[in-house]
1. With respect to T44, is the statement that it is among the β-branched types (V, I, T), over 20 Å from the mean Cα position of the chain (by Cα) and surrounded by 13 or more Cβ atoms within 10 Å (Cβ to Cβ) true?
2. Mind checking which residues of the stretch 61-71 are closer than 30 Å to V111 by Cβ and either within 19 Å of the chain's Cα centre (by Cα) or at pLDDT below 95 (or both)?
3. Which of the residues spanning the stretch 137-155 are of a type in the set (D, E, K, R) and at pLDDT below 95?
4. In contact with a Pro (Cβ under 8 Å, 6 or more places away or on another chain) and either buried (at least 16 other Cβ atoms within 10 Å of the Cβ) or of a type outside the set (F, W, Y) (or both): which single residue out of R163, R105 fits that description?
5. Could you give me the residue pairs with C-beta distances under 6 Å whose first residue belongs to the stretch 26-55 and is more than 19 Å from L74 (Cβ to Cβ) and assigned by TED's automatic domain parsing to the domain that holds Y68, whose second residue is assigned to a strand (DSSP E or B) and polar (S, T, N, Q) wherever it lies, and which are 6+ apart or on separate chains?
6. Can you tell me which residue is farthest from P178 (Cα to Cα) among those in the stretch 124-150 that are assigned to a strand (DSSP E or B) and within 18 Å of the chain's Cα centre (by Cα)?
7. Determine, yes or no, whether E77 is assigned to a strand (DSSP E or B) and either over 18 Å from the mean Cα position of the chain (by Cα) or over 25 Å from I2 (Cβ atoms) (or both).
8. Could you run through the stretch 168-218 and say how many residues are charged (D, E, K, R), outside any loop (DSSP other than H, G, I, E, B) and surrounded by 14 or more Cβ atoms within 10 Å (Cβ to Cβ)?
Amino acid sequence: MIYTPLRRTTLKFLYAQAFRPPNDYELYYSSMTNLSNPQLQPETAKTVGVVLEQYVGRQTRVTAAGFYYPLRRLISEQTDPGSGKMVFQNSGSVDMRGVELEMVRTWARGVEGSVQYSFQDLKDQHDATALCNVPKHLGGLKLSVPLLGKKLFASADVNFVSRRRTLAGNSVPAYFLPNFTLFSQSTKQHWRVSASLYNAFNSRYGDPGAPEHRQDILWQNGRTFRLKATYSF
């Protein structure tokens, strides 16, 4: 439902339901270390949200949103107490609440920038300490600047992820990750070319491992370069 009380102000009320049935691997995979579970039920999710969108002049848009996601019968891999093998089970019920803020602005000559922030609070209905790899804070900055009219652009983005709990009860440190890209919007003969630098400051960062990993923390790549050429017919 969308309501526009003022010309530059919009309110949105959102509601949705969804489900995910278990796949064949989760239902039937069996091995020396895994048990099958044909009795798995679909995961279910509901989403409730309220969004306020406000334009400030013609160049700035500010968005604030609040959301609530109850997730039920989540499928996860567990250890069977009788056999000691891994088995997929409907073992999770999670409530997620949070807020998101975003500001997008455009300037003259095609310069664009945005800043985003989100806070999320997840609670497991059965075990308050069971959740891992769940950051409470996420943030991002983006800037795009044209260098040669509409043919060559430079962009930069910085992503922030707050610390997260691992399966072993440790914490993965928070990190900022800056990336830079030069890209062509259109060149002769339908070519598009870009050059990117990821993790520009060569920061050490990682993600929590899953049950199938031996490592508690999966450390990610350092500084990475990428050249990309795309030809469209």
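1. no
2. Correct list: T63, A64, A65.
3. If the condition is that a residue be of a type in the set (D, E, K, R) and at pLDDT below 95, then K150, K151 are the ones that fit.
4. Sole residue among the options that is in contact with a Pro (Cβ under 8 Å, 6 or more places away or on another chain) and either buried (at least 16 other Cβ atoms within 10 Å of the Cβ) or of a type outside the set (F, W, Y) (or both): R163.
5. E53/T10; E53/T63; Q54/T9
6. Ranking the qualifying residues of the stretch 124-150, first place goes to H137.
7. yes
8. Selection size over the stretch 168-218: 2.
The values are calculated or read from the model by the stated rules, or taken from the named source; none is laboratory data. This one's a predicted model, so the numbers in the text were calculated from it and none came from an experiment. No Cβ is skipped: glycine too gets one built from the backbone with ideal geometry, and neighbour counts run over all protein chains shown.
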